[in-house]
Amino acid sequence: MIKEDLFNELVWLWILIGIVIFPIMLFVKVPYGRHTDKSWGATINNKLGWIIMEFPALAVFMYFFMKGEKSQSAVVWVFFGFWLFHYVNRTFIYPLRTKTAKKQIPFLIVFLAIFFNSVNGFLNGYYFSELHPNYDISWLYDARFIIGSLMFILGMTVNRIADRDLMNLRKPGETGYKIPQTKIFKLVSCPNHGGEMLEWAGFAVLTWSLPALAFAVWTVSNVLPRSLAHHKWYKNHFPDYPKNRKAVIPYIL
Ligand SMILES: NC(=O)c1ccc[n+]([C@@H]2O[C@H](COP(=O)([O-])OP(=O)(O)OC[C@H]3O[C@@H](n4cnc5c(N)ncnc54)[C@H](OP(=O)(O)O)[C@@H]3O)[C@@H](O)[C@H]2O)c1
C-alpha cells in the first residue's frame, strides 16, 4: 500500500511534467494522421496501434480499481462507469470505425501513449480503490458532481459526434482529407479535441480529485497543441477554408 503523502507527491510531479510538456508540444507535431512523418522510425497498422495504445488506460485502471481492499461506495462505481464508458469506445469502437485501414502509426507514438495511459490508469485506478475520501451518497447532489457530470457528458457528446462526422467524410477506401461542413464544425476545426478536454476537465470536477486533475492537465497538453497544428494545416491546405473558424474554442482560439 502506497502512503497517501507519497502518492500525492507523485501525482504533483506528474502534473508538473504535464505542464512542462505543453510548450514543447507546441513545437512538435505528433506524427500520426495528417502529420505523419516517416523520420519517426518503424510503424504499425494504425487501427491496431490505437487499440494497443489505448488498452492500458482501460486495463490498468480496472486492475488497480478491482484489486483495492477498501469497500467501494456506489459513488465510486459511478466514477468507474464514466471511465469505462469513455475507454471502451476509445479502445475498441473508435479505432475499428476509423477509415484508416491503409495507414500506419509510428511505434514510438504507440509506446509513449502506452506509458501515458498506464500512468494515468494507475494513478486513477489506485486512488479510487485505496486512497479516495469516503464519498457519501450525498456527493451525487453536490454542485461539483452535478457540474462536472454535465461537463463530462457534454464533452463526450461533442467528441463522439465530431469523431463520427470526421469518419463519415471518407468513402470506403478513401484516405484523403476534406473540409468538415457539419454543424459541429461551424465554429471550430477540432470539436473532437475540444470535447475531449471538456470531458476530462469534467471528470476532475465531478470527482474533485488530484489524479483526475493530473489526467485533465495531460489531456490539454496532448490535445490542444494538436488542435492548433490541425487548424494551421487546414488553412494551409484549403484556400477556401472558412475564415471565421477557430481551432478549438469557439470565437476565442
Ligand atoms: N486524451 C488524450 O490525451 C487524447 C490524445 C489524442 C487524441 N485523443 C482523442 O482521440 C481521438 C482521435 O484524435 P486525433 O487527434 O487522431 O483526431 P483527428 O486527427 O481529428 O482524426 C480523427 C479521425 O478522422 C479522420 N479525419 C480527421 N480529419 C479529417 C478530414 N478533414 N477529412 C477526412 N478524414 C479526417 C482521421 O484520419 P487520419 O488518421 O487519416 O488523419 C482519423 O481517422 C479524438 O477524439 C481525440 O480527442 C485523446
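The values are calculated or read from the model by the stated rules, or taken from the named source; none is laboratory data. Keep in mind the model is a prediction, meaning the values are calculated, not measured. For neighbour counting, all protein chains shown are included, and Cβ atoms are generated from backbone atoms with ideal geometry for every residue, glycine included. Remember, those area values only see protein heavy atoms, side chains included, never the ligands or the DNA or RNA. Shrake-Rupley method; radii C 1.70, N 1.55, O 1.52, S 1.80 Å.
Quick rundown of the values:
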| quantity | calculated |
| --- | --- |
| Odd one out for Lys178, checked against (1) over 28 Å from Leu112 (Cβ atoms); (2) near the ligand (Cβ under 10 Å from one of its atoms); (3) touching a Ser or Thr at 6+ places or on another chain (Cβ under 7 Å) | (3) |
| Members of region 190-212 found to be open to solvent by less than 30 Å² (accessible area, probe 1.4 Å), of a type in the set (A, V, I, L, M, F, W, C) and farther than 20 Å from Phe116 by Cα, listed by number | Cys190, Leu206 |
| Residues (β-branched (Val, Ile, Thr) and crowded, with 17+ Cβ neighbours inside 10 Å) located in region 119-160 | Val119, Val158 |
| Extreme residue, farthest from the ligand (Cβ to nearest atom), among residues of region 11-31 that are within 29 Å of Ser129 (Cβ to Cβ) and open to solvent by less than 80 Å² (accessible area, probe 1.4 Å) | Val11 |
| Qualifying positions in region 137-178 - over 23 Å from the mean Cα position of the chain (by Cα) and part of a helix (DSSP H, G or I) | Ile137, Ser138, Trp139, Leu140, Tyr141, Ala143 |
| Count of region 32-73 residues which are buried (at least 16 other Cβ atoms within 10 Å of the Cβ) and among the acidic types (Asp, Glu) | 1 |
| Within region 1-39, considering residues that are charged (D, E, K, R) and part of a helix (DSSP H, G or I), the one farthest from Val217 (Cα to Cα) | Lys38 |
